[in-house]
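One structure is given here, and the rest of the page talks about it.
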């Protein structure tokens, strides 16, 4: 069977998608006569017309013949498979750089696990990339990072993303050190009914628990905290209390604030998140390794908000 030049497949797909030789030629940076000759060559090699060019001077676009309609999805798949094969081969010999996003209070243990996991792969350079609080998913979707450690509500789902749950996190109330509830072993959400709460700049409803179990709205004080540091500074100054997770308590010891477990709020979770359409084999292998190592560790500290 005769081999078909992949460039001819690419040219055919471009003409089919544009329904125009002129537009396809512009997109491919070819002259229209050269593109027409390439398509004729492909049709000759396949032994059948793929395009109905219509009458000369007709304003209707180029149409697919029956054979062209059947051939188009196969041509697209062949191009995708070729691009995938080239990427796999290059990853096998060329250094690949993957960036792991982390936040202000992401536990050092998680980033160490990521760096250690990367050491098992040849030709891989794994870099840690700080992402601002609230901008994590934006950074991932924009391609600024390839993998992301993210704290979110249990059952987190985001369009265009694949999320792997690593660890549950208990939620905690944060009070100024001399607050009447600061010395309690634990509190319930009902204990916080009359407490002003520092507003949150991201995932607002979740972090201020709005609405409350009785349907009421909490009394917020602002400006909304944009980072863990701002949240703790506002609480320390006496503006109000806040809700966070036990990992923030573990990594932010202070003489100015007290962290008290909330007994009746569902836990948050730590996730490793990637773009759903990023099917690079090396990224998948690193992702699976990180998830396996984190889940295997029995003494993993909790991650941060």
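Checking each residue in region 118-142 for being within 18 Å of residue 293 (Cα to Cα), out of contact with any strand residue (DSSP E or B) (no Cβ under 8 Å at 6 or more places or on another chain) and either in the same structural domain as residue 249 (by TED's automatic domain parsing) or surrounded by 15 or more Cβ atoms within 10 Å (Cβ to Cβ) (or both) picks out only 121. Residue 207 meets each of the listed conditions (1) surrounded by 15 or more Cβ atoms within 10 Å (Cβ to Cβ); (2) within 30 Å of the chain's Cα centre (by Cα); (3) over 27 Å from residue 106 (Cβ atoms) apart from (3).
Only residues that are in contact with a strand residue (DSSP E or B) (Cβ under 9 Å, 6 or more places away or on another chain) and touching a residue at least 24 places away in the same chain (Cβ under 8 Å) were counted across region 60-81, and they come to 6.
Restricting 35, 9 to those that are part of a helix (DSSP H, G or I), within 42 Å of the chain's Cα centre (by Cα) and closer than 15 Å to residue 69 by Cα reduces the list to 9.
Taken together, the residues in region 156-173 that are part of a loop (DSSP other than H, G, I, E, B) and closer than 19 Å to residue 247 by Cα amount to 2.
Within region 226-242, the residues that satisfy the criterion of being closer than 20 Å to residue 149 by Cα and not in a loop (DSSP other than H, G, I, E, B) are 228, 229. Note on region 163-203: residues that are over 21 Å from residue 252 (Cβ atoms) and either over 34 Å from the mean Cα position of the chain (by Cα) or not assigned by TED's automatic domain parsing to the domain that holds residue 138 (or both) total 7. Residues of region 19-32 that are in contact (Cβ under 8 Å) with a residue 40 or more places away in the chain and either part of a helix (DSSP H, G or I) or closer than 19 Å to residue 80 by Cβ (or both): 21 alone.
The values are calculated or read from the model by the stated rules, or taken from the named source; none is laboratory data. These numbers were taken from a predicted model, which means no experiment stands behind them. Quick reminder, even Gly has a Cβ in these numbers, built from the backbone with ideal geometry, and neighbours come from all protein chains shown.
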